[in-house]
1. Provide Thr15, Thr26, Thr117 ordered by accessible surface of protein heavy atoms (probe 1.4 Å), highest first.
2. Heavy atoms of the protein only, probe of 1.4 Å, neighbouring chains included. What is the accessible area of Ile39 in Å², nearest 10?
3. If you put +1 on each Lys and Arg Cβ and -1 on each Asp and Glu Cβ, how big is the dipole of the chain around its Cα centre, in Debye rounded to 20?
4. Determine the gain in length on full extension of the stretch Gln85-Tyr113; use 0.36 nm per residue of separation and subtract their C-alpha separation, reporting nm with one decimal.
5. Quick one: pull the percent of accessible area on the range 34-121 belonging to carbon and sulfur, 1.4 Å probe, ligands and nucleic acids left out.
6. Rounded, prolate or oblate: which fits the chain when a ≥ b ≥ c are the square roots of the eigenvalues of the alpha-carbon gyration tensor, with rounded for a/c under 1.5 and prolate only if a/b beats b/c?
7. I need to check one value: relative contact order of the chain, counting alpha carbon pairs closer than 8 Å and at least 6 residues apart, in percent.
8. Any idea which of Ser24, Met88, Asn50 is furthest toward the positive side of the dipole for the range 1-101, if Lys and Arg beta-carbons carry +1 and Asp and Glu beta-carbons -1?
Amino acid sequence: MFCYVVMCSLMICATAVQLTSATSTTQKLLMAEYLIFGIAQLFMFCWHSNDVIYKNQAVLMGPYESDWWAANLQQRKNVLILQGQMRMVHIYTAGPFTNLTLSTFIAILKGAYSFYTIFRK
């Protein structure tokens, strides 16, 4: 995923440069379409990864919000074991470098735009 994130950033930058330097309307249309779908694909990865994080937090709160203290001793022990197991957070990462979240998506877009402004001058 790390290589994919880096490649997406470079692809977005390169496509934006080509979009602004394309001569014909057909080339501009194709570059704009490629840019939009590249951003959309990266957005889907980050959106669903972010959704998994929030759903995991919601599932984690399930046993705490139940009436576990009113159950018998065996059920209370089972709920405590369940709570301990549910503390493992599932996060999609881009290698050991970053988590794939919406803030990562925004950071990638900012980085690509920064590269674009550097290369465009």
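The values are calculated or read from the model by the stated rules, or taken from the named source; none is laboratory data. It should be emphasised that the depicted structure is a prediction, and the values quoted were computed from it without experimental measurement. Cβ placement follows ideal geometry from the backbone for every residue including glycine, while neighbour counts extend to all protein chains displayed. Protein only, heavy atoms only, side chains kept; ligands, DNA and RNA dropped before computing areas. Shrake-Rupley method; radii C 1.70, N 1.55, O 1.52, S 1.80 Å.
1. Thr26, Thr117, Thr15
2. Per-residue accessible area (Ile39): approximately 50 Å².
3. The dipole magnitude comes to about 280 debye.
4. Length gained between Gln85 and Tyr113: 5.9 nm.
5. Carbon and sulfur: 66 percent of the exposed surface of the range 34-121.
6. prolate
7. Contact order relative to length: 40 percent.
8. Highest projection toward the positive end goes to Met88.
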